[in-house]
1. Within the stretch 144-206, list the chymotrypsin sites (Phe, Trp or Tyr not before Pro) lying in a DSSP loop whose Cβ has at most 12 other Cβ atoms in a 10 Å radius.
2. Given points 7 Å out from each Cα along the Cα-Cβ axis, report the D611 to S30 separation in nanometres with one decimal.
3. Which shape class applies to the stretch 297-448: rounded if a/c is under 1.5, otherwise prolate when a/b exceeds b/c and oblate if not, where a ≥ b ≥ c are the square roots of the Cα gyration tensor eigenvalues?
4. Given all pairs of different Cα atoms, what value in angstroms does the Kirkwood hydrodynamic radius of the stretch 1-56 take?
5. Determine the equivalent ellipsoid of the stretch 271-319 by diagonalising the alpha-carbon gyration tensor, then write out the semi-axes as square roots of 5 times the eigenvalues, largest first, rounded to whole Å.
6. Ignoring ligands, DNA and RNA, what percent of the accessible area of the chain is carbon or sulfur (1.4 Å)?
7. Could you state the principal axis extents of the C-alpha atoms in the stretch 546-700, from the largest down, to the nearest angstrom?
8. Report the charge-dipole magnitude of the stretch 284-387 in Debye, nearest 20, computed about the Cα centre from +1 at each Lys and Arg Cβ and -1 at each Asp and Glu Cβ.
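The values are calculated or read from the model by the stated rules, or taken from the named source; none is laboratory data. Predicted model, so just to flag it, every value in this text is computed and none were measured. Reconstructed Cβ throughout: ideal geometry from the backbone, glycine too, with neighbour counts over all protein chains shown. These accessible areas exclude ligands, DNA and RNA; they are computed on the full protein's heavy atoms, side chains included. Shrake-Rupley method; radii C 1.70, N 1.55, O 1.52, S 1.80 Å.
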Amino acid sequence: MQHIPFNLELYRTQMQGLIGHVEGASVFWSALDFATVAHRDQWRKSGDAYILHPCSVARILIKEMDVEHPEILAAALLHDTVEDVDNVTPEVVEEKFGFYVRAIVEGCTKVTHISGDRQTQSRRTHRKIFSGAALRPEVMLVKLADRLHNLRTLQAMPKAKRQRIAEETLAIYAPLAGALGLFNMKREMYDLALLYKYPRQGGRLNHLIARLIKSALGKKVVKTLQEATAAAGENCEVDIRTKRLWAYYDVHNKVLLQKIDTPQEVVLLGDTLQECYSLLGLLNQTYPPIPRTIRDFISNPKQTGYQGLHARAIIEGQKFFFKIRTREMQRKAQRGLFKNWSSKREKQGRFIREIQEMFDILGSEKAVSYRDVIAASGVKEIYTYTPDGDLIYLPSGSSVLDFAFRVHTEIGLSCTGAMIRNRKVGSTHVLKDGDMVRILRAEMPVRFDQSMLMRCKTPRARAELARSFNLRRGKVTTEVGKSLFAQELARYGLTTDILEGTGRETLRKHFSAESFKLFYRGIGEGKYRLRHVMEGVITLLNNGISKRIEGCSEFNQIELKTLDPVTVKLSSCCKPDPTHDDNVGLLTPGGISIHRPQCLKYKKLNLQREDIVEVRWEKHDTHVRKSQMYYVLKAGRKELLEAMASAPAEMKVLHLEVLTTAFENPPWELVFKVHDLSVLQKVNAHFAHTSIPIEFELEV
């Protein structure tokens, strides 16, 4: 491979022209010298000197993102040193360039020395980067510039790596660039990644785009508007932009579309806000807009800070998209809001706070797929309002619950529904653009169903729901783990007294549990298998002495007081019945999987004794929250009514409906409510003693 040296002096000259006027630029020049020495014997796959890459990342930050802060640019120069240079550590970076630069560099550094496959390592690395960006959003600015330069030079990489980087860009980095308001970067990332991901289809679409660029109609529209604005005395630039591959990508279905609604957009640039509104009037006179397509993002900027006036019109059968902005709005629309910005400032604006909140969720909440959350962040927005008139931006398709969590976490956790105008709606109601929403609340936190997690669109709602589910599950599995540990100790003639003194701490450290409560939870969720736990107890706390007590029951036993599906998974393969005492459970991180002992699927699993538990419910203490339904296969009206009349008094009938009148003994649907499992057991027993054939599956 031929080595291609880097022209450092030319780079210095270029950067001097870009940051020579910036106060404190000396830290950048020091970092440049340091990085040049650190990477001096390293070369890229293309043959270029490695220093080309960090220097290019810094240049992208200042030229294409307007990031002028010298310490952020210095961190860009150093972002690969800790990872790729043996004698450079975070401490060395801090000593030479300060803690702020170290924090950004550390945030950009991959997780190393971890076990697991490539996918696991990728997830952990991304979580680490997101956690770093939650504290310092500069971390993500550097990572985005890093990714953009890698995409621009990706051709030198093997095909498999090109595909992997392209997929990761489409799922994570390009949408995040959009979420941060870096729209030029977002579009270029999509364009480059799509060509690597779909080379043939992308090539065909690029030929179509090339023809559209030469379109006579587009040129005619521009000329007409130039003449109209000149005649009106407006100092206006008119330009047409043909949308590239990024506009043809269907993010939801992950496919390239053959055509789109508005393949070309016309941008009109004025000098002042007043001129923008005058240009809108002139545009409407020249090309009457499609009804209800005019949007004012000047008076109501998007949460990314984007401003402009939008309109759509049909001209000679083709739809055109018009954008009217000032030149400063144009700059912000292309490069974002990070000019003269740094997280070192004590007070940050709402946009930065929301970015930090999003990254905090992406980095810390393992129950939420960060890819799903990032995808949701790129969805078209709607505008909703509080009763006080405060504007709340939400992704299209958001529900009342999304709105409630956006206002405040406590409001979301207690949300039961909302009033929209004079109409009461539930928490799952999908909001429309322009809705004014008044949240209705319960006095106590609401016990949401797990299905709500996928219905919510906003990162905060998903994360808070996931946390609440995790807390609900943890309360049960911690108690389960504590009970199982005590039972397993008893099999060896031991008690929990063995944990006295340093025993508890010794065992906790051995299993790398953050607390002993989490150690119990780990047992209850199958993370720590009882066989390994007892090996640790015997070796560490009992001098290696092991003696099993004869006559113990085959399996450990647990008693539950909940049917919460967040914790209790009634398997669909064998449909276990909690009113019976002959169920078995398998401990999993997602909860306790319940089966019948005779279940064929369960029997095929290669399980050890300690992996299985006998499960019983404390029936009087287990609340049945949902209404239940009997599907009566066939019964005469008199026969069914007599059976219902003699049923336990605690059974409350909610609905009875005959499903067809075609038979003498037709099928029925009987919906009823019971307070707890003991009542349900009595009701089931009552109908089992009748001659009425019934199908029943517990609703939880």
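1. none
2. 5.8
3. It is oblate, given that a/c is not under 1.5 and a/b is not larger than b/c.
4. Evaluated on the stretch 1-56, it is 12.1 Å.
5. Computed over the stretch 271-319, the values are 21, 14, 8 Å.
6. Carbon and sulfur atoms account for 50 percent of the accessible area of the chain.
7. 67, 31, 30
8. My answer is approximately 420 debye.
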